[in-house]
Amino acid sequence: MKYRIERSPDGEWIMADVWKRGAGLLTDALFNKGTAFTQEERQLFDLDGMLPHQVTDRRRQVSRAWEHLMAKGDDPFEKYVCMASLQGRNETLYFQVLSEHIEELTPVVYTPTVGEAAVCFSHAFRRGRGLWITPDHRGRIYDILGHVRNEDVRLIVVTDNERILGLGDQGVGGMVIPIGKLALYTLGAGIHPAYTLPISLDVGTDNPDLLEDDLYAGWREPRLRGTPYYELVDEFVEAVRRRFPEAILQWEDFKKANAFVLLDRYRSVLPSFNDDIQGTGAAIVAGIIASCARTGVKLTDQRILMVGAGAAGVGISRHLRSALTAVGVSDEDLPSHVAVYDTIGLISMATEGLEPHQHSVAWPSELAEARGLVGEESIDLIHVIETYQPTIIAGATGVPGLFTEEVIRTMAKHAERPVVMALSNPTSKCEAVPSDVFEWTNGRAIVATGSPFDPVDIDGRMHTVSQANNVYIVPGVGMGALVSKAREVTDSMFVAAADALAARTIAASEDDDSLYPPLRNLRIITRDIAGAVAREARDAGVGRDLTDEEIEQELDHEIWNFDYPTLRPI
Ligand code: NAD
C-alpha cells in the first residue's frame, strides 16, 4: 500500500487515489478528518450518516480536543494517553493540537512523560504503532518491513530499547521513544507522518522486573548479544536498504557500546545517524556557543568539563572538539578546552578501564600526569574541578543530584558566570535542581537542563532555565538530509545545524540568559537548520547539487503545515 501525497501548483496538499470508504476511512488515522469532513466528502466517500451533521472547522476541532485534554487534570501521563489515542484516530488533528500548544504538550508527548509511558508500556498497552522486529523474524525481516502501512518510508527511528532516556533497559516499552521522536520530527520539520516509521528491535531484555512481569508484552528472553545481535542488525539494515531505498535511519537510545559500533558500521552503508551521539553533540555545542555570547567569554577561552563519558558525553565532547578545531584551536590545545570525566576518573590514556569509544576524547597520559589527574586523584570530582577550573560543566550521567552544592560552589569560585548544563532525562535523573544551582551561585549561574523546568525567582529577578534538547537539531538535520537526498549524514552537517541554532538563539534576544530559543519558535528554527544542512550536504558532495534558492523551494514543497489534505478517490 502506498499513500500518494501530491502538491497542487498553489501548494495545496492532496492525498490521491484514496481507496478507502466509509468506516474504513474513518479508522485510518492518516485519512480521517472526523467532523471536519465536508458534506461533499461525506457523499464521495460513503460517510453520509456516519458523522454528526455539523462540519467542524480546525479551530473548533482543536478546542474540542484541548477540552478533552484539560479534563485529564494535572496528570501528564493521562494527557499522554489522551494524545496517543488522538494520534491513533486522527493524525492531522493530533499535530494541529500539538503545534498550537507546543510548549505545554512537548513535555507530554516526549520527555519527561514518555519515560513513564516506557516504564508502564506492557500494562497500559492498547494498540500497536510501528514495527517490532524480534530474533524470531530472522531471515524474514525484509518481509516484515513490507507490513507497514505505507511503502513510501523516508524516515525511520529505530531503538533496541537498552538505554531509554536515563531509565536503562525498558525492553518492549522503548517503542514509545521512536514514536515520540517522530512526532517531534513532524512537529518541528513538517515531515508528513505518512513517510515516518518507528521501529523497535526487540532483542529481549536484561531487566529482571520485566522478565518476571506476567503482562510483559515483548520478547521474553535475555538480550541477544555478540555475533547473533550484529547479524540481526546486519539483516535489518540490508532489508531497510532494499525495501526503503530513500529512507534516512536514525539510531535512538542504544546503549553506548552498541551505539558507537552501529553508527560507525553503517554510516556509509545507508544515510544514518545517532541522535544521542551526534544530535545531542550538536544541540549542546549550540548552547555552549550561545553561552559564550551571554557570558562574553570566547569559545577559545572556555574550559568545559563533561561529566559522563557515555554516548551523549562522548558525542558532545567530540562535537566540541570539532567546533574548537573549526575556530583554529590546535590538536595539542584541545584538552585545555575539553575534559571528560566518568566513574573511572578523568578520561585520559592513563585511565584504567577506558572503553573504546572514549579514546577519541581522552587526554594524553603526560598531560593528566602533569596536572596530577591520574589514579585515585582523578576519580575525585571535586579535585578534578579544583584543578581544571571549568567555566562550563555539563552532566550526561543519568545520576540525579550528582552536581552537589560542593561541586557547584567549587566550580563557581573560578567562573564569574558559571554555565551548568544538567542534561539527564527524565526530570527525576537531572544532575541538579536549577533553583539550587541559582541559590548556590547567588544567581550568577546560567543553567540549562535536559527536561523542562520553570524559571526561578532569585531576589526578584527571574532566571531562565533553558531546555537543552536535541529536538532543536534532529528534525532540521532529517529534513535537510531528505531534501538534499543525502547519501550520507556527515558530522559537518551537524556542525552546520549547531551553528544555525546558535545564530538563531543569539539573534533572538541578547539581554537574557537563555541558551536555546523558545520551543514555540521550533518551526522557524528547524527550517533554518534544514536549509543549512542541505547546503552543507551539497558542499560536502554527499547531497544533490541544488542552488540555495532551489533548496528553499524544496523546503517549501516538503514542509507540511498540518492542514487536512484534499482527498481524491481512486
Ligand atoms: P550512557 O549510559 O551511554 O552514559 C552514561 C555515562 O555516565 C556512563 O559512561 C556512566 O559510567 C557515567 N556515569 C554514571 N555515574 C556517573 C558518575 N557518578 N560520575 C560520572 N559519570 C557517571 O547514557 P547516555 O546515552 O550518554 O545518556 C546519559 C543521560 O543523558 C541520560 O539521562 C539521557 O537521557 C541524557 N541525554 C540527554 C540529552 C539531551 O538532549 N538533554 C540527549 C542525550 C542524552
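Here is a yes/no grid of residues against (1) open to solvent by 50 Å² or more (accessible area, probe 1.4 Å); (2) polar (S, T, N, Q); (3) in a helix (DSSP H, G or I):
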position	(1), (2), (3)
Gly24	no, no, yes
Asp28	no, no, no
Glu41	no, no, yes
Met50	yes, no, no
Arg59	yes, no, yes
Ala65	no, no, yes
Gly73	no, no, no
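Could you pull out the residue among Glu366, Glu376 that is more than 12 Å from the ligand (Cβ to nearest atom), modelled with pLDDT under 95, more than 20 Å from Ser424 (Cα to Cα) and surrounded by fewer than 14 Cβ atoms within 10 Å (Cβ to Cβ)? Step through it out loud before you land on a result.
Values: Glu366 fails: modelled with pLDDT under 95.
None of the other options fit; the residue is Glu376.
Touching an Asp or Glu at 6+ places or on another chain (Cβ under 8 Å) and either buried (at least 23 other Cβ atoms within 10 Å of the Cβ) or in contact (Cβ under 8 Å) with a residue 40 or more places away in the chain (or both): is that true of Val203 in this structure? Let's see the steps before the verdict.
Numbers: touching an Asp or Glu at 6+ places or on another chain (Cβ under 8 Å): yes; either buried (at least 23 other Cβ atoms within 10 Å of the Cβ) or in contact (Cβ under 8 Å) with a residue 40 or more places away in the chain (or both): yes.
Spelling it out, Val203 is indeed touching an Asp or Glu at 6+ places or on another chain (Cβ under 8 Å) and either buried (at least 23 other Cβ atoms within 10 Å of the Cβ) or in contact (Cβ under 8 Å) with a residue 40 or more places away in the chain (or both).
Can you work out which of the residues in the range 261-275 that are charged (D, E, K, R) and open to solvent by 10 Å² or more (accessible area, probe 1.4 Å) is nearest to Thr227 (Cα to Cα)?
The extreme case among them is Arg265.
Within the range 341-359, how many residues turn out to be within 13 Å of Ala257 (Cβ to Cβ) and surrounded by 21 or more Cβ atoms within 10 Å (Cβ to Cβ)?
2
Would a scan of the range 319-333 turn up a residue that is within 16 Å of the ligand (Cβ to nearest atom) and either over 26 Å from Asn469 (Cβ atoms) or in contact (Cβ under 8 Å) with a residue 24 or more places away in the chain (or both)? It would help to see each step written out before you state the result.
Residues of the range 319-333 within 16 Å of the ligand (Cβ to nearest atom): 319-320.
Among the residues that remain, those that are also either over 26 Å from Asn469 (Cβ atoms) or in contact (Cβ under 8 Å) with a residue 24 or more places away in the chain (or both) are: 319-320.
Yes, because at least one residue in the range 319-333 is within 16 Å of the ligand (Cβ to nearest atom) and either over 26 Å from Asn469 (Cβ atoms) or in contact (Cβ under 8 Å) with a residue 24 or more places away in the chain (or both).
I need a count of the residues in the range 279-310 that are within 16 Å of the ligand (Cβ to nearest atom), open to solvent by 10 Å² or more (accessible area, probe 1.4 Å) and part of a helix (DSSP H, G or I). Let's see the steps before the verdict.
Quick first cut of the range 279-310, residues within 16 Å of the ligand (Cβ to nearest atom) only: 279-291, 304-310.
Now narrow it down to the ones that are open to solvent by 10 Å² or more (accessible area, probe 1.4 Å): 280, 289, 310.
Next cut, part of a helix (DSSP H, G or I) only: 280, 289.
Going through the range 279-310 one residue at a time, the tally reaches 2.
Between a first residue in the range 258-285 that is among the polar types (S, T, N, Q) and a second residue that is away from the ligand (no atom under 16 Å from the Cβ), which pairs have beta carbons less than 8 Å apart while being 6 or more apart in sequence or on different chains?
Hits for this filter: Asn258/Tyr229; Ser268/Glu488; Ser272/Ile248; Ser272/Leu249; Ser272/Tyr266; Ser272/Val489; Gln278/Val489; Gln278/Asp491.
Looking at Gly128, Gly174 in this structure, which one is farther than 17 Å from Phe236 by Cα and buried (at least 17 other Cβ atoms within 10 Å of the Cβ)? Write out each step before concluding.
Working: Gly128 fails: buried (at least 17 other Cβ atoms within 10 Å of the Cβ).
Answer to the check: Gly174.
If Val158 passes every condition in (1) crowded, with 21+ Cβ neighbours inside 10 Å; (2) aliphatic (A, V, I, L, M); (3) under 25 Å from Arg58 (Cβ atoms) but one, which one does it miss?
The number of the failed condition is (3).
Go through the range 466-509 residue by residue and tally those that are in a helix (DSSP H, G or I), of a type in the set (A, V, I, L, M) and within 16 Å of the ligand (Cβ to nearest atom). Steps first, please.
From the range 466-509, those in a helix (DSSP H, G or I) are 470-472, 474-483, 491-508; that's our starting set.
Retained after the next criterion (residues that are of a type in the set (A, V, I, L, M)): 471, 474, 477, 479, 481-483, 493, 495-498, 500-503, 506-508.
Pick out the ones that are also within 16 Å of the ligand (Cβ to nearest atom) and you get 471, 474, 477, 497-498, 501-502.
Qualifying residue count, the range 466-509: 7.
The values are calculated or read from the model by the stated rules, or taken from the named source; none is laboratory data. Bear in mind the structure is a predicted one, so any value in this text is a computation, not a measurement. Heads up, the Cβs are rebuilt from the backbone with ideal geometry, glycines too, and the neighbour counts pull from every protein chain shown. We work out accessible area using only protein heavy atoms, side chains counted, and drop any ligands, DNA or RNA first. Shrake-Rupley method; radii C 1.70, N 1.55, O 1.52, S 1.80 Å.
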